[in-house]
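Working notes, beginning with the structure itself.
Quick note: the coordinates plus some simple rules give every number you see, no bench work behind them. Source: prediction; values computed, not measured. Here the Cβ positions follow ideal geometry from the backbone for every residue, glycine too, while neighbour counts run over all protein chains shown.
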Amino acid sequence: MQGSKGSQELALTPEGDQARFVGDTFFVSCSSQDPDLRVQGISWTHNGMLVSTDITQPVHVEMRGDGEAADILFQGVRNGDDGDYTCSGVLGGKRVQDSFALTVHNPVSFEDTPTVQAAVAGADFTLECRVKGEPPPVVTWKHQHVG
């Protein structure tokens, strides 16, 4: 989604949409592509809501230099952090913005699934396998005939 909602006069680093696991820490920088132009009134929003500059918050904005760049920091990504993030400001008297989408993944976990399961030879048997994750995992079974 990078660049889809506005001018390419702002640069996001890293570029493009982001996919992260719960608990990850990362940041995205926003600044002018033209080093001779300073962004004024730079800010970040998440799904249209202003992101805080309070550094005690797990997701917050930190200004760099004299306000010409702003980093959005994610300290321990949470499920509710997914969505659209937009950096905006004024360059040369013109309102500009650039965006990225964050997708949050939960690692695959096995729940109430015995590590060791036994079956009687020649009898019907049900293997228990309960997994969860986000996006929902796809379970594939493979059988290897031994003997």
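In the range 31-89, the qualifying residues are those that are polar (S, T, N, Q), part of a strand (DSSP E or B) and over 22 Å from the mean Cα position of the chain (by Cα), and the one that is nearest to Gln18 (Cα to Cα) is Ser32.
Being aliphatic (A, V, I, L, M) and surrounded by 10 or more Cβ atoms within 10 Å (Cβ to Cβ) is the filter here, so list the residues in the range 114-143 that pass it.
Those that are aliphatic (A, V, I, L, M) and surrounded by 10 or more Cβ atoms within 10 Å (Cβ to Cβ): Ala119, Val131.
In the range 57-73, the residues that are without any contact (Cβ under 8 Å) to a residue 60 or more places away in the chain form Cβ pairs under 8 Å with partners that are of a type in the set (Gly, Ala, Ser) and outside any strand (DSSP E or B), at six or more places apart or across chains, as follows: Pro58/Gly76; Val59/Ser52; His60/Ser52; Val61/Ser52. Scan the range 62-105 for residues that are surrounded by 14 or more Cβ atoms within 10 Å (Cβ to Cβ), of a type in the set (Asp, Glu) and farther than 17 Å from His46 by Cβ and the total you get is 1. Here Ala119 clears all of (1) assigned to a loop (DSSP other than H, G, I, E, B); (2) out of contact with any Phe, Trp or Tyr (no Cβ under 6 Å at 6 or more places or on another chain) except the condition numbered (2). When Ser109 is tested against the conditions (1) more than 30 Å from Arg38 (Cβ to Cβ); (2) small (Gly, Ala, Ser); (3) assigned to a strand (DSSP E or B); (4) within 13 Å of the chain's Cα centre (by Cα), the lone failure is (4). For Val146, the criteria (1) among the β-branched types (Val, Ile, Thr); (2) surrounded by 11 or more Cβ atoms within 10 Å (Cβ to Cβ); (3) without any contact (Cβ under 8 Å) to a residue 40 or more places away in the chain hold in every case but one, which is (2).
Of these, Val116, Val96, Val77, which one is more than 27 Å from Phe27 (Cβ to Cβ) and hydrophobic (A, V, I, L, M, F, W, C)?
Working: Val96 fails: more than 27 Å from Phe27 (Cβ to Cβ); Val77 fails: more than 27 Å from Phe27 (Cβ to Cβ).
Unique residue meeting the criteria: Val116.
Name every residue in the range 5-59 that is among the aromatic types (Phe, Trp, Tyr) and out of contact with any Lys or Arg (no Cβ under 9 Å at 6 or more places or on another chain), in order of residue number.
Those that are among the aromatic types (Phe, Trp, Tyr) and out of contact with any Lys or Arg (no Cβ under 9 Å at 6 or more places or on another chain): Phe21, Phe27, Trp44.
Does the range 109-125 include one or more residues that are over 30 Å from Ile42 (Cα atoms) and touching a helix residue (DSSP H, G or I) at 6+ places or on another chain (Cβ under 9 Å)? Checking the range 109-125: not a single residue is over 30 Å from Ile42 (Cα atoms) and touching a helix residue (DSSP H, G or I) at 6+ places or on another chain (Cβ under 9 Å).
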